[in-house]
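I have placed the structure first, in the form of C-alpha cells, so that the comments after it can refer back to it.
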Amino acid sequence: MTENKKNPDTLRSARWFAPDDLRAFGHRSRAMQMGYAPEEWKGRPVIAILNTWSDAQPCHMHFKSRVDDVKRGILMAGGFPMELPALSLSESFLKPTTMLYRNLLAMDAEELLRGHPVDGVVLMGGCDKTTPALLLGATSMNIPAIYLPAGPMLRGNWKGKTLGSGSDAWKYWDERRAGKISDKDWVDVEAGIARSYGTCMTMGTASTMTAIAESIGMTLPGASSIPAADAGHIRMASECGRRIVEMVWEDLTPKKIQTRKAFENAITVAMAMGCSTNAIIHLIAQARRAGQDIGLEDFEKASRKVPVIANVRPSGDKYLMEDFYYAGGLPGLMSRIKSHLHLDSLTVTGRTLGENIARAEVYNDDVIRTVENPIYAEGALAVLKGNLAPDGCVIKPSACDP
Ligand code: FES
C-alpha cells in the first residue's frame, strides 16, 4: 500500500459498516451471513467489480473466470472484492441495436456504484458500447475506477487464410452469392472466423474504444492490446485488482485523470489507429460527462495532422489486433506519435502517460508504421459540412478505396 494512505474511517464503505447504529448492525450481520468475518472487510477498501459477463456475450465469455483473477489481486492488496453483475450488451445478439442500451448500462453502472458500499471499482467490458457505457457511469459516480478491457479474440483462420471479424463475413458472403465458394466453405468460414473469446480483432468499435480508454489514462499501460486468450491478460486482470486498492488510498478519481488534455490524447491516438467512426459519438459523450467540451472540430483538427500508422484492417490491408500486440501494442504506437501527445497527463498508474510509455518499443515496422511511412498520411476521419448535413457529418477516407 502507498505511503499517503488515507484514514480507513473516511472510506465511503465505512458509512455502511462502521457506525454503532441499527442500520450498520444490519449491514454487518448480513456480511457475516455471507460468511465474511469482520476481519475480512473492516478498515479495508471495498472494491466493486462491474462484470458484464452473460451467457449471451461471446466477447466477454472469459469474464466468468477472469473476475476471480481480479479478486485475487484485490485480496492481495488488502481490499475486499464485491462482484456486481451489470447489463451485458452483446453486439452480435442484442436487438434492435446495442446503441439503444448504451445509456441504460451507463445508468446501471452509476447506480450500482451509488447504491452499494463500495470505495473503488474495476470495470470489466470491451464489446463495443460496453466501454463508453461503463466509463460514463463511473465518471458520473467519480470514485476511483480502473478499466479492464476484454482484449481482442485470436485471428480467424480458414484453410490457412487469416479471417477478420466483420470485413471477411461481408467478403465471403459476396463470394458465396457469386458462386465462388461452396456451401461447405461458407460453413467452414463460419466456424473459423471467431476462434476464441474476446472482442472483434479488426480495428472496429471495440478495439477503438478500448484503445481510447487506455490513451485517456483509464487502463493499465498496454492493457487494451493484450489478446483475451493470452496469459498476459490474466496477469493484467490481477494487476487491476491490486492497483485499484492503491487508487482508493490515493483518492485517484476519474475526473482527476479525464482532463481536456487526456481527451485530446485519445483523439490523437484514435486517428493514428485508423479508428471506427463510432469513436466520435462515444468520445464526445465521455468528455462531456467528465466536464470537458470536446466537439467535431477537435477531431477535424487532429485528423489534419496525425497520420494513420496502425496497419490494422480495415484502414490497413493485412494485420489484425493480435499482430498489433506482438508489434508492441498501443504503447509502441504511442511512442511513435509522442510529439502529438500531452505526455504529462495523469493515468490510473499514478504516473504520467509519458512515464508509462518511456520504455515502449515497436518490433515490427510494417504493423506499426513510422510517421514517415504511414498507411494514410492525413487522418483517419474527415468532418464534412454542407446542405446535406448542416451540423456536420463524418466519413472514414482511410478505409475507402482510393
Ligand atoms: Fe463484441 Fe464485436 S461483437 S466486439
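The values are calculated or read from the model by the stated rules, or taken from the named source; none is laboratory data. What you are looking at is a predicted structure, and each value in this text was computed from that prediction instead of being measured. Ideal geometry is used to build each Cβ from the backbone, glycine not excepted, and the neighbour counts take in all protein chains shown. All accessible areas refer to the heavy atoms of the entire protein, side chains included, with ligands and DNA or RNA removed. Shrake-Rupley method; radii C 1.70, N 1.55, O 1.52, S 1.80 Å.
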How much of the accessible area of the chain, in percent, comes from carbon and sulfur atoms when a 1.4 Å probe is used?
-> 52 percent
For segment 250-402, the fraction of alpha-carbon pairs in successive 10 Å shells from zero, as % = 11, 38, 36, 13, 2, 0
Straight-line reach from LYS261: which lysines have Cα under 20 Å away, leaving out those fewer than 8 places along the same chain?
-> LYS301, LYS305, LYS338
Taking max minus min of the Cα coordinates of segment 264-320 on each principal axis, largest first, gives extents in Å of 38, 20, 14
Note the direction-averaged projected area, equal to a quarter of the hull surface, for the Cα convex hull of segment 68-109, in nm².
-> 3.9 nm²
note: segment 360-402, Cα-Cα separations exceeding 18 Å make up a percent value of 49 percent
Using just the helices of the chain, give the 222 nm mean residue ellipticity in deg cm²/dmol: DSSP H runs with n ≥ 4 each add -39,500 (n - 2.57), and the total is spread over all residues, rounded to 500.
-> -12500 deg cm²/dmol
Hey, any idea what the orientation-averaged projected area of the convex hull of segment 155-296's Cα atoms comes to, in nm²?
-> 10.5 nm²
Roll a 1.4 Å probe over the protein heavy atoms and report the accessible area of PHE25 in Å², nearest 10.
-> 120 Å²
Between segment 169-231 and segment 72-104, the alpha-carbon center distance in angstrom = 20 Å
Percent of C-alpha pairs per 10 Å bin, segment 187-237, short to long | 23, 48, 22, 7, 0
Note on the chain: C-alpha Rg/Rh, Kirkwood Rh, two decimals, gives 0.99
Starting from the amide H of VAL394, placed 1.01 Å from N in the peptide plane, find each other amide H under 5 Å away whose residue is 5 or more places distant or on another chain.
-> LEU384
Highest-fluctuation residue, ALA237, ALA266, ALA358 considered, GNM on the chain with Cα pairs under 10 Å = ALA358
Debye calc, one equal point scatterer per Cα of segment 86-188, no solvent, log10 I(q)/I(0) at q = 0.12, 0.18, 0.19 1/Å comes to -0.56, -0.86, -0.91
What residue among LEU135, LEU75, LEU330 has the largest mean-square fluctuation in a Gaussian network model of the chain, using Cα springs under 10 Å?
-> LEU75
Looking at segment 1-155 from every direction and averaging, what is the projected area of its Cα convex hull in nm²?
-> 10.5 nm²
Cα-Cα pairs in segment 212-256 separated by more than 16 Å, as a whole percent of all pairs, come to 43 percent
Once fully extended, how much extra length lies between TRP173 and ASP55, figured as 0.36 nm per residue of separation less the alpha-carbon to alpha-carbon distance?
-> 39.8 nm
DSSP beta bridges in the chain [antiparallel fraction, %, rounded to 5] | 35 percent
In 5 Å bins starting at 0, how do the alpha-carbon pair distances of segment 329-372 split up by percent?
-> 5, 25, 30, 21, 12, 7, 1
Enter the Cα centre distance for the pair segment 23-39 and segment 364-379, rounded to the nearest angstrom.
-> 57 Å
Distance in nm between label sites at LYS184 and LEU100, each 7 Å beyond Cα in the beta-carbon direction?
-> 4.1 nm
Would you look at the GNM of the chain, springs on alpha carbons closer than 10 Å, and say which of PRO221, PRO314, PRO96 moves the most?
-> PRO96
In nm, spacing of pseudo-spin labels at ASP251 and ASP293 (7 Å Cα→C-beta vector) = 2.9 nm
